[in-house]
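Since every read-out is calculated from the coordinates, none of them should be taken as a lab result. Note that the coordinates shown come from a computational prediction; the quantities given were computed from them, not determined experimentally. For neighbour counting, all protein chains shown are included, and Cβ atoms are generated from backbone atoms with ideal geometry for every residue, glycine included.
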Amino acid sequence: MIHFVLLIVCAVAIYLSCEWFVNAVEWLGERLDVGRMAVGTILAAFGTALPESVVTLVAVTTGGTEEAKSIGVGAAMGGPLALATVAYGVTGAVLLVKRRRERASTLDTGMAVPAEAQALGTEKDMRRLAKDQMWFLPVFFVKVSLGLVAFAFKPALGVLFFAVYAVYFWREIRASRAEEAAGTDEDEVELEALKFQPGKESPDTWAVAAQTLATLVVIFFAAHYFVTQLDVIGPMLGLSATVTALLLSPIATELPEIMNAIIWVRQGKVKLALANISGAMMIQATVPSGIGLLFTIWHFDGPLLWSGIVTMAAIVYLLLTMRAHRLTPARLTVAAGFYAVFAIGLVPVLT
């Protein structure tokens with residue numbers, strides 16, 4: 001019982017520390033002048049995707065057996081799966097509820113459009129979101145393919161995944177700055193007060209840096225103990241290490257992305273909410289994968305392969321709706337159904 005309690009404590013610690021980290025990096029983005037969208041796709045995404053990367057790093061570098069190391073590989077696959085399905089689905093559901101309430105308040109005008117039929121942003125916004133999915137899909141396909149083959153220099157390919165993210169990082173920074181300079185981003189910037197200095201409208205730079213570093217330390221140690229508890233709980237539930245990481249780890253570690261999306265949707269910052277998810281997905285498609293390739297044999301069993309297939313299916317679905325400019329709150333909510341498909345499909349895969 002104590003292991004379940006400790007697991008929950010670690011999950012809460014990860015969530016709270018990531019919330020403080022995101023609060024700090026939003027101010028850091030303002031100080032560094034990286035541009036609005038890069039705050040979501042790069043800075044906030046880095047903060048909320050950090051637990052998965054740390055879980056993978058700790059598991060593959062400190063695990064004494066291949067079974068223990070497989071928790072890290074499972075986390076590297078479970079993160080993108082949960083984001084592509086649950087995170088997008090929850091965001092769509094919150095958007096749907098919000099728009100239905102707004103529609104109900106304007107029914108007396110007789111001009112309201114059904115919430116389900118309203119596309120999420122302009123055609124330009126959809127192209128930008130689709131571009132993120134176009135970056136993710138081929139990288140993730142290569143990631144899954146490498147788990148099915150074995151050759152001598154495969155570990156060295158981990159470096160290439162870091163390089164891909166470096167290119168994506170630079171592209172996002174340039175595009176975000178150019179968009180802000182051109183004045184094409186119409187969202188208002190409303191930063192929450194820095195938690196280290198809640199009474200100051202503009203916090204000190206040292207406070208921003210201190211909050212960032214402090215939360216990074218908490219995230220690292222919470223993730224370390226989170227891996228330890230998973231290693232014990234998995235066998236207690238009769239689950240393999242891989243399945244434990246695929247089913248349990250994403251539920252806790254994806255909470256920051258989901259909660260950030262909910263908050264931004266309520267504030268009317270839909271583009272930032274979606275950018276946070278897509279940016280976190282790009283990090284998880286590259287950084288944990290590179291770590292896994294460098295420190296493990298990176299061999300996929302049935303559950304890992306199934307998670308990869310479902311993740312790619314969810315992204316293809318989202319990509320097609322985005323490119324057709326038909327992504328609505330209702331269609332975004334459907335993405336959560338792919339996670340249900342994954343859970344159901346695990347039964348025959350494991351038998």
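At 7 Å along Cα-to-Cβ for each site, give me the label-to-label distance between Phe141 and His325 in nm.
That separation, rounded to one decimal, is 2.6 nm.
For the chain, modelled as a Gaussian network with Cα springs under 10 Å, which listed residue fluctuates most, Val22, Val159, Val167?
Checking each option, the largest mean-square fluctuation is seen for Val167.
What's the longest piece of the chain with no exposed GluC sites (Glu not before Pro), counting a site as exposed if DSSP puts it in a loop and it has at most 13 other beta carbons within 10 Å? Working shown, then result.
Working: sites that count: Glu186, Glu188, Glu190, Glu192, Glu201.
The reported range is 1-185.
Report, to one decimal in Å, the Kirkwood hydrodynamic radius for segment 282-351 based on all distinct Cα pairs.
Computed over segment 282-351, the radius equals 13.9 Å.
Separation between the Ala209 and Phe151 pseudo-spin-labels, each 7 Å from Cα along Cα→Cβ, expressed in nm?
Inter-label distance under the simple model: 4.5 nm.
Expected output is a single nm value to one decimal: the length gained when fully extending between Ala181 and Val217, i.e. 0.36 nm times separation in residues minus the C-alpha distance. What is it? Please list the in-between numbers first.
Working: separation 36, 0.36 × 36 = 12.96 nm, distance 3.48 nm.
Here the answer is 9.5 nm.
Which is the longest stretch in the chain that no exposed loop site breaks, taking sites as chymotrypsin sites (Phe, Trp or Tyr not before Pro) with a DSSP loop state and at most 13 other Cβ atoms within 10 Å?
Free of exposed loop sites, the longest segment is 154-351.
In nm, what is the difference between 0.36 nm times the number of residues separating Ile309 and Lys124 and their Cα-Cα distance?
Result for the pair: 63.7 nm of gain on full extension.
What's the angle, to the nearest 10 degrees (0 to 90), between helix 337-350's Cα axis and the longest principal axis of the chain?
Around 10 degrees separate the two axes.
Pick from Val232, Val270, Val218: which residue has the top mean-square fluctuation in a GNM of the chain where Cα pairs under 10 Å get a spring?
Looking only at Val232, Val270, Val218, the biggest GNM fluctuation is shown by Val232.
Can you give me the angle between helix 255-266 and the longest principal axis of the chain, using Cα atoms only, in degrees from 0 to 90, rounded to the nearest 10?
Tilt relative to the chain: about 10 degrees.
Can you give me the three principal axis dimensions of segment 1-42 from its C-alpha atoms, in Å, biggest first?
47, 15, 8
If the viscosity is 1.567 mPa s and the temperature 4 °C, what Stokes-Einstein diffusion coefficient in µm²/s follows for the chain when Rh is the Kirkwood radius over Cα pairs? Present the calculation step by step, with values, prior to reporting the outcome.
Numbers: Rh = 20.6 Å.
Here the translational diffusion coefficient equals 63 µm²/s.
On a 0 to 90 degree scale, rounded to 10, what angle separates helix 302-323 from the longest Cα axis of the chain?
Result, in degrees: 20.
Say R0 is 30 Å: what FRET efficiency, to the nearest 0.05, do Phe162 and His299 get from their beta-carbon distance? Mind showing how you got there, number by number?
Working: r = 21 Å, r/R0 = 0.69.
Once rounded, the FRET efficiency stands at 0.90.
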